[in-house]
Amino acid sequence: MHFKKKLSRSNLLRGGVAALALAAATSMATIARADTVTLVETGSSLLYPLFNIWVPAFTTAHPGIQLTTTSTGSGAGIAESIKGLVQIGASDAYLSDGMVAKNPNMLSIPLAISAQSINYNLPGLDGHHLKLSGPVLAGIYSGSITKWNDPKIQAMNPGVALPDHVIIPIHRVDGSGDTFIFSQYLDKSTPSWHNSVGYGTSISWPAVQGGLGANGNPGMVSAASQNPYSIAYIGVSFKSEIAKAGLGTAELKNASGDFVMLTHKTVSAAAAARVGKTPKDERISLVFAKGAEAYPIINYEYAIINTSQPDAGTAKAVRTFLTWALTTGNEYKYVSQVNFLPLPPAVVSLSKAQIARVQ
Amino acid sequence: MVFRPFRTSLLVLALLIPAALGAVVLFLAIYAGDAFTFNGLRFIFGTVWDLGNLYGNPVTVRGVSVPLGAHYGVLVFIIGTLLSSFIAILIALPLSVGCAIFLAEQVPEKFRPVLAMLVELVAVVPSVVFGLWGVAVLVPFIAKDIGPALSATLGFLPFFAGGDTGSGYGLLAASMVLALMITPIIATTLLDALLQVPRENREAAFALGATHFEVVSKAMMPMVRTTLVGGVVLALGRALGETMAVLMVSGGAINILPHNIYSPVSTIASFIVSQLDSAEQDPTNMAIKSLAEIALVLFVITLAVNAGARLFTTGVANVRNAK
C-alpha cells in the first residue's frame, strides 16, 4: 500500500514539473520578442473591467506595447506603483498629502469618472426606491439606527411600508476605494461621523451588532443578496451584478438637500460642479458636490504613475497608453460598458499635462 | 581537531532552517520596533483597531510619528483566532478519529488505499476553494438551517443562545470550513499510526474475548495517543494560520467581540491580509509596523499552542509510565 502511494505521488510530481516547464517555456517565448515593451497594471477592482475592455483595443492600435492587467485593490495599486513593481497603479482614491510628501515623484492621473450606489435587500418593496441621506447612513453604520422602520428613515419615505426588522450593514474588509468614497460621503454630510470615524480606504468601523464584512465588490453583492434586510455600498461597474441579485438602489440626499438617483445625468451634474475646482495635481474629492441634480458619491478613477520610469522606452509606452486612454479610450462606447463617464475636456488637458512629466 | 566536510556540511544545512525562522522573527521584531513603543500593552488588550486619518497630517505621540487618531488593538483578532481554531478541532476530532478507525478496521484491504487517497486529496485542496464553497454553500446553509437548529436545540447554553442566528457568515462558518480542512490531516496521521499497531496486540485482545469496540478503544487507541496529539498539533498549526478561506466566510469583524457562535469574527491571519493594502498607504508606516507586531503575536500563539501540546503529551506519557 505504501509503495503504491509513493508511486502515485511521484506521478503527481512529474506532472507538476512538466507543467512548470511548459509555463517557463511560454514565458520565455514572450520575453524573446525583444521589440515589444511590456507594461503591467494592477490595482482597483472597479477599474479592472474597464482595463479589460481597453487592452484589446489598445494593443490592436499599438502592437509594439503589451499590457498586462490584474485586479488586486486600490491599496495594492498605489503601493506597487510606488515600489516600481508595476508601471500603472489603478486606484479609486488619490494619493494623500503624506504619501505625496514622501514620494514626490508619484502622480495621481484621472482616467474616468465612476460612481457608487447604495443598495439594499428589502423584501416586499416592489422596486420602490428608498430615499436615504448621509446622516441616516452614518446612523446605520454606527449603530444608532438599528431598524428599517426607524422614524428617521420613515420620515424620508412617507407612505412606504418599512419592515420592523434589524438592519444588517455590510462593509468592505479589504482596503478599498469604495470604502474611501462612501466614508467621505458620511464624513462630509455628518459632523458626528467626521469627528469620530473620518474617511479612508480602511476605516475603524464602529461596532454594530450583526454588521458584516465582505471581501471585494463581488463579495458585497453576494453578501447583500444572501442577507435579507442588509444594506451595502457597491461600485457602479457592478451595476449588472446588482440588478441580477435583485437588490434595490437608494436615492441619496445631496449637498443641496435633494434626493437623486444614480444616473448618467446626475453623475455628470456632480462632475460639472467640481471639474472647475480640480487642481493641477488633480487630487480632489468629487463627493457631496453642490447642485440640485448632483449625485453625491462620485469620484475620479486614478492611474498612479511614477514620473521617473526605468528607461525611455518604458516611459514612452506609459505616455502612449495614458494618452490613448484619455482620448480614444475615453470614448463613450468604452466607458459606458462599465457605467463610467468620460472625463470632461478640461480634466483631460490637466491629465495630459501630468502625463508629459513621465520620463 | 579533524575537519569533517560531510559532517560540517550536514550541520550547516541542519542549522539553516532554524536560522531562517530566527531571522524572520528577529527582522519582524526589529521592524515592529516603533510599534512596540507606540502601542504598549494596549495592543494586546485593546479592542479598537483604527488606522487613523491617513489623509491628514501625522502627529507625534510617545516620540513616534503616527496618523492622527491611530489606535491599534488586536484582542478581537486574538480571540477570533483562538475560538475558530478551537471549535474547528472540536468538530474535526470525532470526525477524523472515526474516519481513521473506519479505514483501519472496517474497510477491506483492497479498497483502503483508494479511500485513504480520497481523504488525503481533501488535504491538498487549495484553501480558496474551501472558501468559495463556504460562501456559496455553507454560509446560506448555516443561515437557513444549521444556525436556527443549533439555537433551538442548544439554546440553553450561553454561547449558542440568540434569537437571531445572523447571516451565516461568522465564527461557526469559519470553524466548519477550518474543520473540513484539518480533518484529513488528523485522520491520515492517525490512520498511519493505527496500521502500525502490532497485529499481536489486536489478536491478543480478541483472544481475551474483547469486542471489536473494546479492541479499538482499549488495545489500539492508547498506543496511538501520542500520534493523535501530534496530528492535532499539526492541524492546529494549519487552522491558526489559515488565511483565505477564513477571510471569505468569517464576516470580517472589527472593533467587536463575538457574543455567540454565529457572530462575525476575524482571525489574525485573515485580518493582516485584509488590512495590508490600506496599511501601505500610511505615510508614517506605523500601520505596517503594527501589522508586523500582530504577526509576531500570531507566531507566539502558534509556538505556545505547540509547546503546550507537546508538554501535555510528554506529561501524559510520564504519568502513564509512572503507573
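The values are calculated or read from the model by the stated rules, or taken from the named source; none is laboratory data. None of these values were measured; they are calculated from a predicted model. Here the Cβ positions follow ideal geometry from the backbone for every residue, glycine too, while neighbour counts run over all protein chains shown. In case anyone asks, the SASA skips ligands and DNA or RNA and just uses the protein heavy atoms, side chains included. Shrake-Rupley method; radii C 1.70, N 1.55, O 1.52, S 1.80 Å.
Inside region A:201-211, can you point out the residues that are facing chain B (nearest Cβ under 7 Å), crowded, with 23+ Cβ neighbours inside 10 Å and modelled with pLDDT of 90 or more?
If the condition is that a residue be facing chain B (nearest Cβ under 7 Å), crowded, with 23+ Cβ neighbours inside 10 Å and modelled with pLDDT of 90 or more, then A:TRP205 is the only one that fits.
Only one of B:PRO283, B:PRO264 is more than 22 Å from B:ALA173 (Cβ to Cβ) and within 14 Å of chain A (Cβ to nearest Cβ). Can you tell me which?
Unique residue meeting the criteria: B:PRO283.
Being among the aliphatic types (A, V, I, L, M) and over 24 Å from B:PHE159 (Cα atoms) narrows it down to one of B:LEU276, B:LEU257, so name that one.
B:LEU276
If a residue has to be within 8 Å of chain A (Cβ to nearest Cβ) and polar (S, T, N, Q) to count, how many in region B:251-261 make the cut?
Counting residues in region B:251-261 that are within 8 Å of chain A (Cβ to nearest Cβ) and polar (S, T, N, Q) gives 1.
Any idea which of B:LEU276, B:LEU291 is assigned to a helix (DSSP H, G or I), free of Cβ contacts under 8 Å to residues at least 40 places away in the same chain, open to solvent by less than 30 Å² (accessible area, probe 1.4 Å) and aliphatic (A, V, I, L, M)?
So the residue among B:LEU276, B:LEU291 that is assigned to a helix (DSSP H, G or I), free of Cβ contacts under 8 Å to residues at least 40 places away in the same chain, open to solvent by less than 30 Å² (accessible area, probe 1.4 Å) and aliphatic (A, V, I, L, M) is B:LEU291.
Based on what the data block shows, is A:ALA115 in contact (Cβ under 8 Å) with a residue 40 or more places away in the chain and under 25 Å from A:VAL40 (Cβ atoms)?
In short, no.
Yes or no, residue by residue, for (1) at pLDDT below 95; (2) assigned by TED's automatic domain parsing to the domain that holds A:MET99:
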site	(1), (2)
A:ALA272	yes, no
A:ILE284	yes, no
A:ALA289	yes, no
A:ILE297	no, no
A:PRO310	yes, yes
A:ALA315	yes, yes
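Would you mention how many residues in region A:137-156 are of a type outside the set (Val, Ile, Thr) and not in a loop (DSSP other than H, G, I, E, B)?
Of the residues in region A:137-156, 11 are of a type outside the set (Val, Ile, Thr) and not in a loop (DSSP other than H, G, I, E, B).
What number of residues within region A:279-324 satisfy the criterion of being touching a helix residue (DSSP H, G or I) at 6+ places or on another chain (Cβ under 7 Å) and small (Gly, Ala, Ser)?
5
Yes/no per residue for (1) surrounded by fewer than 24 Cβ atoms within 10 Å (Cβ to Cβ); (2) within 11 Å of chain B (Cβ to nearest Cβ); (3) in contact with a His (Cβ under 6 Å, 6 or more places away or on another chain):
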{"site": "A:ILE82", "(1), (2), (3)": "yes, yes, no"}
{"site": "A:GLN87", "(1), (2), (3)": "no, no, no"}
{"site": "A:ASP92", "(1), (2), (3)": "no, no, no"}
{"site": "A:GLY98", "(1), (2), (3)": "yes, yes, no"}
{"site": "A:LYS131", "(1), (2), (3)": "yes, no, no"}
{"site": "A:LYS147", "(1), (2), (3)": "yes, no, no"}
{"site": "A:PRO151", "(1), (2), (3)": "yes, no, no"}
{"site": "A:GLN154", "(1), (2), (3)": "yes, no, no"}
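Any chance you could count how many residues in region A:287-307 are within 24 Å of A:ALA353 (Cα to Cα) and among the small types (Gly, Ala, Ser)?
1
B:LEU247 - would you say it is more than 14 Å from chain A (Cβ to nearest Cβ) and modelled with pLDDT of 90 or more?
No.
Could you tell me how many of the residues in region B:41-70 are closer than 19 Å to B:LEU298 by Cα, within 11 Å of another protein chain (Cβ to nearest Cβ) and without any contact (Cβ under 8 Å) to a residue 40 or more places away in the chain?
Residues in region B:41-70 being closer than 19 Å to B:LEU298 by Cα, within 11 Å of another protein chain (Cβ to nearest Cβ) and without any contact (Cβ under 8 Å) to a residue 40 or more places away in the chain: 0 in total.
Could you list, in sequence order, all residues of region B:214-264 that are of a type outside the set (A, V, I, L, M, F, W, C) and under 20 Å from A:GLY211 (Cα atoms)?
Selection gives B:SER250, B:GLY251, B:GLY252, B:ASN255, B:PRO258, B:HIS259, B:ASN260, B:TYR262, B:SER263, B:PRO264.
Of the conditions (1) open to solvent by 20 Å² or more (accessible area, probe 1.4 Å); (2) in a helix (DSSP H, G or I), B:LEU257 fails just one. Which one is it?
Going through (1) open to solvent by 20 Å² or more (accessible area, probe 1.4 Å); (2) in a helix (DSSP H, G or I) one by one, B:LEU257 breaks only (2).
Could you tell me which residue of region A:213-226 is surrounded by the fewest Cβ atoms within 10 Å (Cβ to Cβ), considering only residues that are modelled with pLDDT of 90 or more and not small (Gly, Ala, Ser)?
Residue satisfying both the conditions and the ranking: A:VAL221.
Can you list the helices (runs of 4 or more DSSP H) lying wholly within region B:39-133 that have 1 or more residues being touching a Lys or Arg at 6+ places or on another chain (Cβ under 7 Å), surrounded by fewer than 21 Cβ atoms within 10 Å (Cβ to Cβ) and at pLDDT 90 or above?
Qualifying helices (runs of 4 or more DSSP H): B:112-124.
Name the residues in region B:135-170 that are among the hydrophobic types (A, V, I, L, M, F, W, C), part of a helix (DSSP H, G or I) and more than 10 Å from every other protein chain (Cβ to nearest Cβ), would you?
B:VAL137, B:LEU138, B:PHE141, B:ILE142, B:ILE146, B:ALA149, B:LEU150, B:ALA152, B:LEU154
Would you confirm, using the coordinates I've provided, whether A:ILE181 is more than 23 Å from the chain's Cα centre (by Cα), open to solvent by less than 10 Å² (accessible area, probe 1.4 Å) and touching a residue at least 12 places away in the same chain (Cβ under 8 Å)?
Answer is no for this residue.
Looking at A:ILE145, is it touching a Gly at 6+ places or on another chain (Cβ under 6 Å), in the same structural domain as A:PHE180 (by TED's automatic domain parsing) and of a type outside the set (D, E, K, R)?
Yes: the conditions hold for A:ILE145.
What is the residue count in region B:188-216 for residues that are within 16 Å of B:CYS99 (Cβ to Cβ) and either surrounded by fewer than 19 Cβ atoms within 10 Å (Cβ to Cβ) or of a type in the set (A, V, I, L, M, F, W, C) (or both)?
Residues flagged as within 16 Å of B:CYS99 (Cβ to Cβ) and either surrounded by fewer than 19 Cβ atoms within 10 Å (Cβ to Cβ) or of a type in the set (A, V, I, L, M, F, W, C) (or both) within region B:188-216 amount to 7.
Mind listing whichever residues of region A:96-126 are hydrophobic (A, V, I, L, M, F, W, C) and closer than 17 Å to A:MET261 by Cα?
A:ILE113, A:ALA115, A:ILE118, A:LEU125
Mind listing just one residue for me: the one in region A:46-80 that is of a type in the set (Gly, Ala, Ser) and out of contact with any Asp or Glu (no Cβ under 9 Å at 6 or more places or on another chain) and, of those, nearest to the other protein chains (Cβ to nearest Cβ)?
Only one residue tops the list, namely A:SER71.
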